[in-house]
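No value in this document is a laboratory result; all are computed from the given coordinates. As the structure is a prediction and not an experimental result, all values here were calculated from the model. Please note: Cβ atoms are built from the backbone with ideal geometry, for glycine as well, and neighbour counts cover all protein chains shown.
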């Protein structure tokens, strides 16, 4: 599992991005990959899978 911070999340559209800890990497997150409801600046743990357009965060939960 990786950890990071929600950089952006649009609840209306159902997607956002997670900034990965100790990295410049940002990973796309869709509402279907959430375990907990999240908002910007929340600390989260997550898994990463290869999606159709790049990396996606799944199993996203607050820590």
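Look at region 27-36 and say how many of its residues are over 11 Å from residue 6 (Cα atoms) and surrounded by 12 or more Cβ atoms within 10 Å (Cβ to Cβ). Total satisfying the criteria: 5.
Within region 38-63, restricting attention to residues that are surrounded by fewer than 14 Cβ atoms within 10 Å (Cβ to Cβ), in a loop (DSSP other than H, G, I, E, B) and in contact (Cβ under 8 Å) with a residue 12 or more places away in the chain, the residue that is farthest from the chain's Cα centre (by Cα) is 53.
Tell me yes or no: at least one residue of region 12-26 is in contact (Cβ under 8 Å) with a residue 40 or more places away in the chain, assigned to a strand (DSSP E or B) and either at positive phi or surrounded by fewer than 15 Cβ atoms within 10 Å (Cβ to Cβ) (or both).
Of the residues in region 12-26, the ones in contact (Cβ under 8 Å) with a residue 40 or more places away in the chain are 18.
Next, only the ones that are assigned to a strand (DSSP E or B) stay: 18.
Subset that is either at positive phi or surrounded by fewer than 15 Cβ atoms within 10 Å (Cβ to Cβ) (or both): none.
Scanning region 12-26 turns up no residue that is in contact (Cβ under 8 Å) with a residue 40 or more places away in the chain, assigned to a strand (DSSP E or B) and either at positive phi or surrounded by fewer than 15 Cβ atoms within 10 Å (Cβ to Cβ) (or both).
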